[in-house]
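Below is one structure, written out as structure tokens; comments come after it.
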Amino acid sequence: MSYLIKNATIVNEGTTQVASLLIEGSEIARIIPHGSPLPDATHVIEAEGLYCLPGIIDDQVHFRDPGLTHKGDLTTESESALLGGVTSFMEMPNTIPQTTTIEAWEEKMSMASEKSRANYSFYFGATNDNVALLELLDLRYTPGVKVFMGSSTGNMLVDSEESLRAIFQNSPKIIAVHSESEPIIQENIKRYKEQYGEDPDLKWHPYIRSREACYESSVRAVALAKETGARLHILHISTKEELELLSPDSETPLAEKQITGEVCVHHLWFDDEDYDRLGTRIKWNPAIKQKADKEALRKGVNNRVLDIVATDHAPHLPTEKRGGALKAASGGPLIQHSLLMMLEMARDGIFELATVVDLMCHRPAVLFGVERRGFIREGYKADIVLVKPDTPWVVAKDNIQSKCGWSPLEGETLHHQVWYTFLNGAPVVSEGVLDPLLAKEKKEALTFSR
């Protein structure tokens, strides 16, 4: 099979140009300048007016498989990913069982080879008790080591200073941290329960899981990384203060950065003024904070102090989102809409198109060493997204793919549509319609060079 994507607007590596792509097998065979003679192909896609982007690489998702599949699984959530232009994901270890043994990691890889519809990889979860296993990781297929420095499922909270230091000293991969200070959170919970009862109103959530909890934990993580030489990646940064701990690319190129940061799309889109309107639908850990934080995070994207935009996609059933600051589950589904949210902000002049591609495609590939993905380059895997601009549509229950069946964006009008998603050379989404059997056949395990 060969595909000719004809006269698309290619956004790639800081440039925007009209050109054509020839896909042969699973790879990009040629990038053909506009006006040049076009080769023959089995299939031709007329792409004039469509944006052509590399497939999105999401470095933080929770697909709930195994053990929590009543609200999401590797099939339903990877299908959501493809409909949103996300072709590759890195999934987190707090499932049941947790991915904290080599056997559990291997079982997840085997399960994904059958169930996933997108390119897949899985973090290894560090605990107080499994540091000795780090030297046994399969470095070619493991994106990183996940450390919870804040509340998590089961015993995945690393609260032993000795264990934490040993993880930082011995991890052969990037250490990706959930950074919130558990002692500060627990003290806040105690104080707010005394004042407002067992389940304080949702409005207190960003004060219980406070900016101080985020900042103190991130300061601690950065200090440990500098002391031990570990490569540290701080996930879902939510406060303006944490940006002070990172450096822009003008100081250190991404490939040489020791300490990097991720921001999630919900922290760029929402702020605390949205709690009254959306309630627990926008309850995440770390919490969505003030408008000033949102503005600072947007600036951090534009000046490349922040390195990656991701989702922290974490579906829950609507019944699990009931309650207040303590009882309602934290997390929500966004992977189907994350690219479109970023493009919406670009439409509003907040970001450049090239910035969206840089932080959702190029930089995840460079930072984690994802092999032959994340760029539109000859010889690279043909993970490609064609987006139709100026196509308004409304997010509604009947067009949500995630098993949980809801989105915090319901009722929002978006102005872009994912029209095609190519996965390893195959159009697994065509004119907005998913072909799950083709996706099952074409997906691959991600491989990593660093």
Pairs, please: C-beta under 6 Å, at least 6 apart or cross-chain, first residue in a strand (DSSP E or B) and in region 32-51, second among the hydroxyl-bearing types (Ser, Thr, Tyr)? 32/20; 43/3; 51/9
Being within 19 Å of residue 221 (Cα to Cα), at pLDDT 95 or above and assigned to a helix (DSSP H, G or I) narrows it down to one of 189, 167, so name that one. 167
What number of residues within region 323-362 are within 26 Å of residue 119 (Cβ to Cβ) and in a helix (DSSP H, G or I)? 19
Residue 450 being modelled with pLDDT of 95 or more and either of a type in the set (S, T, N, Q) or open to solvent by 10 Å² or more (accessible area, probe 1.4 Å) (or both): no
Filtered residue count, region 246-266, keeping only those that are assigned to a helix (DSSP H, G or I), within 15 Å of residue 233 (Cα to Cα) and in contact with a Leu (Cβ under 7 Å, 6 or more places away or on another chain): 1
Meets criteria (over 24 Å from residue 338 (Cα atoms), aromatic (Phe, Trp, Tyr), modelled with pLDDT of 95 or more and in contact with an Asp or Glu (Cβ under 7 Å, 6 or more places away or on another chain)) for residue 207: no
For residues that are more than 27 Å from the chain's Cα centre (by Cα), closer than 20 Å to residue 212 by Cβ and open to solvent by less than 40 Å² (accessible area, probe 1.4 Å), tally how many sit in region 141-195. 3
Taking residue 45 as meeting all but one of (1) in contact with a helix residue (DSSP H, G or I) (Cβ under 9 Å, 6 or more places away or on another chain); (2) open to solvent by less than 30 Å² (accessible area, probe 1.4 Å); (3) over 22 Å from residue 157 (Cβ atoms), write down the number of the exception. (1)
Which of (1) closer than 12 Å to residue 439 by Cα; (2) more than 14 Å from the chain's Cα centre (by Cα) does residue 105 not meet, given it meets every other one? (1)
Can you tell which of 277, 281 is touching a residue at least 12 places away in the same chain (Cβ under 8 Å) and out of contact with any helix residue (DSSP H, G or I) (no Cβ under 6 Å at 6 or more places or on another chain)? 281
Would you confirm, using the coordinates I've provided, whether residue 198 is among the charged types (D, E, K, R), at pLDDT 95 or above, open to solvent by 10 Å² or more (accessible area, probe 1.4 Å) and assigned to a helix (DSSP H, G or I)? no
Going by what's in this entry, would residue 364 be described as under 17 Å from the mean Cα position of the chain (by Cα), within 26 Å of residue 305 (Cα to Cα), at pLDDT 95 or above and buried (at least 23 other Cβ atoms within 10 Å of the Cβ)? yes
Identify, from the list 121, 113, 80, the residue that is at pLDDT 95 or above and within 22 Å of residue 367 (Cβ to Cβ). 121
Test each condition in (1) open to solvent by 20 Å² or more (accessible area, probe 1.4 Å); (2) part of a loop (DSSP other than H, G, I, E, B) for residue 127 and report the one that comes out false. (1)
When only residues in region 69-89 that are aliphatic (A, V, I, L, M) and part of a helix (DSSP H, G or I) count, which is most open to solvent (accessible area, probe 1.4 Å)? 83
Keeping to region 312-348, report how many residues are hydroxyl-bearing (Ser, Thr, Tyr) and open to solvent by 50 Å² or more (accessible area, probe 1.4 Å). 1
So, restricting to strands (runs of 3 or more DSSP E) that lie completely within region 363-450, which ones have at least 2 residues that are in contact with an Asp or Glu (Cβ under 7 Å, 6 or more places away or on another chain)? 413-423
Cβ-Cβ under 6 Å pairs, at least 6 apart or on other chains, region 321-348 side within 23 Å of residue 75 (Cα to Cα), far side among the charged types (D, E, K, R): 329/320; 329/321; 330/283
Going through region 9-42 in order, the residues found to be in contact with a strand residue (DSSP E or B) (Cβ under 7 Å, 6 or more places away or on another chain) and open to solvent by 80 Å² or more (accessible area, probe 1.4 Å) are 16, 17, 24, 30, 34, 42
Name the residue that is most open to solvent (accessible area, probe 1.4 Å), counting only residues in region 267-311 that are closer than 15 Å to residue 359 by Cα and part of a loop (DSSP other than H, G, I, E, B). 303
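The values are calculated or read from the model by the stated rules, or taken from the named source; none is laboratory data. Please read these numbers as outputs of a predicted model, since none were measured by experiment. Note: ideal-geometry Cβ built from the backbone for every residue, glycine included; neighbour counts use all protein chains shown. Just the protein is used for accessible areas: all its heavy atoms, side chains included, with ligands, DNA and RNA removed. Shrake-Rupley method; radii C 1.70, N 1.55, O 1.52, S 1.80 Å.
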